[in-house]
Amino acid sequence: MTDLYESQRAMRAMRRAAMQRGVIALLDVGTSKIACLILRFDSATGLPEGEGIGAMAGQSRFRVIGAATTRSRGVELGESCAIQETERAIRTAVQAAQKMANVRVDHVIACLSGGQPRSYGLAGTVLVDGDVVDEQDVARALASCDVPDYGLERDILHAQPVNFALDHRSGLTDPRGQIGQRLACDMHMLTVDTSVLQNLIYCLKRCDLELAGLASSAYMSGMSALVEDEQELGSACIDLGGGTTGLSIFIKKHMIYADSIRMGGEHITQDISKGLQVSTAVAERMKTFHGGVVATGMDDRELIEIGGETGDWEHDRRTVSRAELIGIMRPRVEEILEEVRERLDAAGFEHLPSQQIVLTGGGSQIPGLDRLAPKILGQGIRIGRPLRVQGLPQAVTGAAFASAVGLSLFASHPQDEWWDFEMPTDRNAHRSFKRAVRWFRDNW
Amino acid sequence: MRDPAPSRLAYRMNRLMLTPRFRTFLRYGLPVLIVASIGAFWASDTDRREDASDRIAELRRQIQERPEFMVRMMAVEDVTETVAVDIRSILAIDFPQSSFDLDLDAIRAAVETLDAVESAAVQIRGGGVLSIDVTERVPAIIWREAEGLSLLDRDGHRVSTVAMRSDRSDLPLIVGQGAHDAVPEALNLIALSAPIAPRLRGLLRVGERRWDLVLDRDQRIQLPESDPTTALKKVIALDGAQDLLARDIAAIDFRNPRRPVLRLTTGAIDAMTDIELTETRDTLR
């Protein structure tokens, strides 16, 4: 636990250093594409301070000065399976973004979608030392959370206190300075596979980049695709990615659950490829140009040239109707959405006051998804696009860049994590002497 | 298909080129470094260095000896003939000469070493003329010493020598060792002694500290070391009131202004003695 603290605190320090230097890179390592944004932080916002103009969640403080996307290589299901290939892809993206920004970046915040994220809800209770809750009490409350046995080869990616309760008052965001006896806290912890994390860290290190933060891509999509009141009232963000489908549930502006389904757009492409006996590239092209999930009578008459280069005239001149293509795609999309439904049910999504579901990610652009999804996930569904941030090029405003844009919000306004709070006194070696003195004074 | 990914080296080079400090170095540091190293390599050979310095010297000489820069004659102005001859002989410049080779400050210093010259202004005028503008010293007093007679200006600086006193009988005479150091004081005293000017023969410096006014009939006015002007004014006033100097007096001793003493001549003392004897006899009788 302690070395996790150390590494996470080191990353936080790095992030602070990067913000002081003013430039930071954001890297979304996905299965189908790697996106790199470069942010510049300005101290002077240029916006007038006044009524109705708040901090805008820190958005006014940064500007995207570089953006680049490249086809991802060596990544499957959001996990790097060929490190050299992944490293090359990251280099391509970073170099292109640097070229656009015309600045060198040394610090990077990365997000990853794979690694089988698993959510845990933690709870801890302590008696307040004295009347007023102070930092030490909060620290002790956080430390008293009983950490479940999350397995050996797992690492904690996020550990965020989502709720504090003092005696019988719950829903406190900041209990410090309040008067009470029993301080309880709820914490949401997300773990991922250590090997996946380490592969990513290794790739970034090979690219001469300093890691300034790590995040789950499901969380990042939720940050950017959900609007503020959706985050406040309770909603789920479903990021239909290339290799994985990320799922995050928010309430009271805190993520309380995140998960990922190891199915995504590439599986749809593979289905098309297998079903129509075409190459993956052709299948991908057919999916993006002609794909859909709701067939109409018109679609039977719309014939799509498949094409091919085998030399066999018959094979190369095949056509397929759009209805057939939809017939291949729809079962897979349904399967993904049903899996999502299962996970949402398992997480207890139906108990939330508002049950808004936002679909985002590249897969959300499939035509007809807005009619298919309500049948499986229920009402209250919208297709979400990421927030507009300053300086973002038009090409990367699409739904596929939800997690990259979310990273920029994460970089400028990170959620307080466990390791951002004070360490409890009894875990600190140099403070134990003070405790000994106190014990001596109390007992003699 | 070509791999779009940059190689690790290319990626690092790209990042290096984006480093501001490195770019600054490339833009400014590297050219300077290259030029400096080429220069250093070139200069490392002695022959080449000497050859270059010779060529530069030759070029310099060619430019300096252009007719525009040559000085052909010297004009000494506002000066008596003897001083002009002196100046020409002391400078001894071979004309024509390049103006770059003339050190005007040195020429001025050389001219000002002459006794008769108080100050000099040296300039090169158009048309290749070295013009020396001289302010001469004006003799104000004659100083007689063992070697002979000197003319001094009003500051006591030697102007020239003179063979005989009668050559410059218009100037007052001072005598004595160290007299030239106190010429302004002497001139002041001479000015004060205007009422007795016809009788004044000269001033004598005594012990390099005070003055004696020497009048004809061997009369002397011995003045104190400090504030001699006041003492002389008193003497002149006494003379004006009581005709003191016309009497048979050898010296008026004002060395101690609080206690002036009259020294009588021998004849006067005899006459005094006679008078006293006569008076004594009359009383006794």
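Near A:Ala346: Cβ cut-off under 14 Å, other residues only, Lys/Arg at +1 and Asp/Glu at -1. The net charge is -3. Here the sum of -39500 (n - 2.57) over DSSP H runs of 4 or more residues, divided by the residues of chain A, equals -11500 deg cm²/dmol at 222 nm, to the nearest 500.
In loop segments of region B:141-240 as defined by DSSP, the trypsin sites (Lys or Arg not before Pro) with at most 12 further C-beta atoms inside 10 Å of their C-beta are B:Arg209.
Listed by chain and number, the lysines whose C-alpha is less than 19 Å from the C-alpha of A:Lys287, apart from same-chain residues fewer than 8 away, are A:Lys33, A:Lys274.
Here's the picture: a label point sits 7 Å out from the Cα of B:Ser99 along the beta-carbon direction, and within region B:118-154 the residues with their amide nitrogen under 11 Å of it are B:123-131.
For the protein assembly as shown, a simple Cβ point-charge model (Lys and Arg +1, Asp and Glu -1, everything else neutral) yields a dipole of about 900 debye relative to the Cα centre.
Computed log10 I(q)/I(0) for region A:118-193 at 0.18, 0.25, 0.26 Å⁻¹: -0.66, -1.05, -1.11, from the Debye equation with unit scatterers placed on every C-alpha and solvent omitted.
Taking 7 Å steps out from each Cα toward its Cβ at B:Asp54 and A:Arg318 produces label points 9.1 nm apart.
Tell me, in nm to one decimal, what length is gained between B:Arg108 and B:Ala92 on full extension, where the rule is 0.36 nm per residue of separation less the Cα-Cα distance?
Length difference between fully extended and current span is 4.4 nm.
Residues with beta-carbon under 13 Å from that of B:Ala40, excluding B:Ala40: net charge, scoring Lys, Arg +1 and Asp, Glu -1? In short, +1. Using 1/(1 + (r/R0)^6) with R0 = 60 angstrom and r between the beta carbons of B:Trp42 and A:Lys205, what's the FRET efficiency to the nearest 0.05? For R0 = 60 Å, the calculated efficiency reads 0.80. Of all lysines in the structure, not one lies under 27 Å Cα to Cα from A:Lys434 without also being fewer than 8 positions from it along the same chain.
Summing charges over neighbours of B:Arg210, with a neighbour being any other residue whose Cβ is under 11 Å away from its Cβ, gives -2 when K and R count +1 and D and E count -1. Using the Cβ-Cβ distance between A:Arg388 and A:Glu232 with R0 set to 22 Å, the FRET efficiency from 1/(1 + (r/R0)^6) comes to roughly 0.65. Placing unit charges on the Cβ atoms of the charged side chains and taking the dipole of region B:67-136 about its Cα centre, the candidate lying farthest along the positive direction among B:Thr135, B:Met74, B:Phe95 is B:Phe95. Taking label points 7 Å from Cα along the Cα-to-Cβ direction, B:Met73 and A:Val147 give a separation of 10.9 nm.
Considering only A:Val196, A:Val333, A:Val128, the Gaussian network model of chain A with Cα springs below 10 Å gives its largest mean-square fluctuation to A:Val128. With Cα atoms defining each centre, region B:210-269 and region A:70-122 are spaced 119 Å apart in the structure. Computed over chain B with a Gaussian network model linking Cα atoms closer than 10 Å, the most mobile of B:Ile90, B:Ile174, B:Ile34 is B:Ile34. Computed over chain A, the Cα gyration tensor eigenvalues convert (square root of 5λ each) into semi-axes of 43, 25, 21 Å, ordered from largest to smallest. The angle between the Cα long axis of helix A:322-347 and the longest principal axis of the Cα atoms of chain A comes to about 20 degrees, rounded to the nearest 10. Modelled this way, with points 7 Å down the Cα-to-C-beta line, the labels at A:Ala10 and A:Ile83 are 1.7 nm from one another.
Values in this text are rule-based calculations from the coordinates and carry no lab data. Here the structure is a predicted model, which means the values were calculated and not measured. Don't worry about glycine lacking a Cβ; one is built from the backbone with ideal geometry, like all the others, and counts go over all protein chains shown.
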